[in-house]
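Student: Please read through the structure below; I'll follow up with questions.
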Amino acid sequence: TVTPDEQMLASILRDKRVIVTGGAGSIGRTLVRRALDMGAEAVLVADISEFNIFQLQSDLARIYEERLIARLVDIGDKSSFSRVVRDFRPDVIFHAAALKHVPILEDNWISAVRTNVFGTKNCVEVATECKVAHFVLISSDKAADPTSVLGFTKRFAEQIVNSMHYMQRRKASASGRGTNFIGVRFGNVFGSDGSVSTIFQR
C-alpha cells in the first residue's frame, strides 16, 4: 500500500474550482468526493448520464450543498463543453469521461473513437482556449502496447494530451502562461463500474 501525500494533494485542490468530466461514473465520483473533501471551492460534474448524475446528487448533494454542481453535457459536443467551462472558470479539469468496456468497444469502435479520441481532443482544446491551469487525463494501462480498441483509443488520447503539453510548454516559455497537461494510467480499479475484478469476485 502506498500512502498518498494528503497535504500535497490538498494544496493543489484547496480553494480551487474543479471540473470532472465523467464525474458521475465510478472513478469520477471518487475524484469529485476527494476534491470536495480536500477543500475545493466548487466541483462541477460534467457527465452524459442523467441517471448517474441523479445518483451522485442523491448521495452527495446534502453533504456538500452548493459546492457540488452537475451539468448534463456530452464532451463530443465541443461548443456545449466550452460553454460550461467558460461559465464555471475552473482551475483544474480531471478528464475521466470515456467508454472503457473492452469487449463492448470491439463491436462499437466508432463510438469509442468519438468519445475517447475526439472527446478528449475537444476537452484539451477547450482547456487551452479557456486558459485552465491544470488538465489531468485519466488513462488506462491498456494504452501500454495496445491490443484492443480501448487501448488504442486511450493511447491516442494520451498522444493528444502529450502534444498539447509540449506546445503549451513552448508558449509558456515566451508568455509565462499555459495549461499544464498531465496523463495518468489506471489499472483495474476494484469496485469501479465494469471492472473485471467485480466479475472475478462474483
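Student: When only residues in region 95-111 that are open to solvent by less than 30 Å² (accessible area, probe 1.4 Å) and not in a loop (DSSP other than H, G, I, E, B) count, which is farthest from Gly28 (Cα to Cα)?
Tutor: Step by step, filter region 95-111, then rank; the result is Leu105.
Student: Could you list, in sequence order, all residues of region 24-73 that are part of a helix (DSSP H, G or I) and of a type in the set (Gly, Ala, Ser)?
Tutor: Ser26, Gly28, Ala35, Ser58, Ala61
Student: Could you tell me whether Glu50 is surrounded by fewer than 14 Cβ atoms within 10 Å (Cβ to Cβ), free of Cβ contacts under 8 Å to residues at least 60 places away in the same chain and under 28 Å from Ala143 (Cα atoms)?
Tutor: No: the conditions fail for Glu50.
Student: Further question: Report every pair of residues separated by at least 6 positions or lying on different chains whose Cβ atoms are under 6 Å apart, first residue within region 82-98 and in contact (Cβ under 8 Å) with a residue 12 or more places away in the chain and among the acidic types (Asp, Glu), second outside any loop (DSSP other than H, G, I, E, B) and surrounded by fewer than 24 Cβ atoms within 10 Å (Cβ to Cβ).
Tutor: These pairs meet every condition: Asp91/Arg17.
Student: Assuming Ile27 fulfils every condition listed in (1) open to solvent by 20 Å² or more (accessible area, probe 1.4 Å); (2) within 24 Å of Val124 (Cβ to Cβ); (3) in contact with a helix residue (DSSP H, G or I) (Cβ under 9 Å, 6 or more places away or on another chain) apart from one, which condition is it?
Tutor: Looking at each condition in turn, Ile27 falls short on (3).
Student: Restricting attention to region 59-93, and to residues there that are touching a helix residue (DSSP H, G or I) at 6+ places or on another chain (Cβ under 6 Å) and farther than 23 Å from Ser26 by Cβ, which single residue is surrounded by the most Cβ atoms within 10 Å (Cβ to Cβ)?
Tutor: Val85
Results for (1) closer than 23 Å to Val184 by Cβ; (2) modelled with pLDDT under 95; (3) out of contact with any Pro (no Cβ under 6 Å at 6 or more places or on another chain), shown as yes or no for each residue.
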residue	(1), (2), (3)
Val43	yes, no, yes
Phe51	no, no, yes
Val73	yes, no, yes
Ala96	yes, no, yes
Lys121	yes, no, yes
Ala133	yes, yes, yes
Ser140	yes, yes, yes
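Student: Let me ask something else. Out of all the residues in region 116-162, which are without any contact (Cβ under 8 Å) to a residue 12 or more places away in the chain and either in a helix (DSSP H, G or I) or within 16 Å of the chain's Cα centre (by Cα) (or both)?
Tutor: Gly151, Phe152, Gln159
The values are calculated or read from the model by the stated rules, or taken from the named source; none is laboratory data. Everything numeric here is computed off the predicted structure, so don't read it as measured data. Glycine also receives a Cβ, built like all others from the backbone with ideal geometry; neighbour counts cover every protein chain displayed. For accessibility, only protein heavy atoms count, side chains too; no ligands or nucleic acids. Shrake-Rupley method; radii C 1.70, N 1.55, O 1.52, S 1.80 Å.
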